[in-house]
Amino acid sequence: MAGLTKPVRYTVLFLVVFTCIAYTWFLLGGAKREYVVTPVNSTYRIIDDTAQNGATESKMEVNKTGALLECNIVKKSQWPFCEIAISLTDHVDKGIDLSDYESVGIDIDYDSPVEGERIRIYLRNYDPAYANLTDPIS
């Protein structure tokens, strides 16, 4: 740095200090943005085919760390199903802004006596043009 002019030395010093501060901020989690969905900050509900004259039996246990959904799916209706609905707000038409997030992680443990069964995940957004407040599937 001996051959550099005074303004260039100050610029280099500023960039080195700024880089060190920014890197430390990143390592300490300053750039990490996370929204963890738990029963404490959201509402969990069971939705199954009983509203469509189905016979599926379902029950759910909720604690501070998660929920356990047990379903006995009975093939009485045309499309028997059992699901857990997680609402991030108390009012479905007033959601939260997730535009600052770039990914979603889901931690699910699944056990089924039937081989080949699978889980489907639906992320629903409210739109007043077609959504019905009384129908959680709309």
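The values are calculated or read from the model by the stated rules, or taken from the named source; none is laboratory data. It should be emphasised that the depicted structure is a prediction, and the values quoted were computed from it without experimental measurement. Here Cβ is always computed from backbone atoms with ideal geometry, including for glycine, and neighbour counts include all displayed protein chains. Just the protein is used for accessible areas: all its heavy atoms, side chains included, with ligands, DNA and RNA removed. Shrake-Rupley method; radii C 1.70, N 1.55, O 1.52, S 1.80 Å.
Screening the candidates Ser58, Ser138, Ser77 for the property of being surrounded by 10 or more Cβ atoms within 10 Å (Cβ to Cβ) and outside any loop (DSSP other than H, G, I, E, B) yields one hit, Ser58. Just to be sure before I move on: is Leu4 aliphatic (A, V, I, L, M) and open to solvent by 100 Å² or more (accessible area, probe 1.4 Å) in the structure I sent? The answer is no for Leu4.
Of all residues in the stretch 1-41, those that are over 30 Å from Ile84 (Cα atoms) and assigned to a loop (DSSP other than H, G, I, E, B) total 9.
Please determine whether any residue of the stretch 17-33 is of a type outside the set (Lys, Arg), open to solvent by 80 Å² or more (accessible area, probe 1.4 Å), within 20 Å of Tyr122 (Cβ to Cβ) and under 28 Å from the mean Cα position of the chain (by Cα). No, the stretch 17-33 has no match at all.
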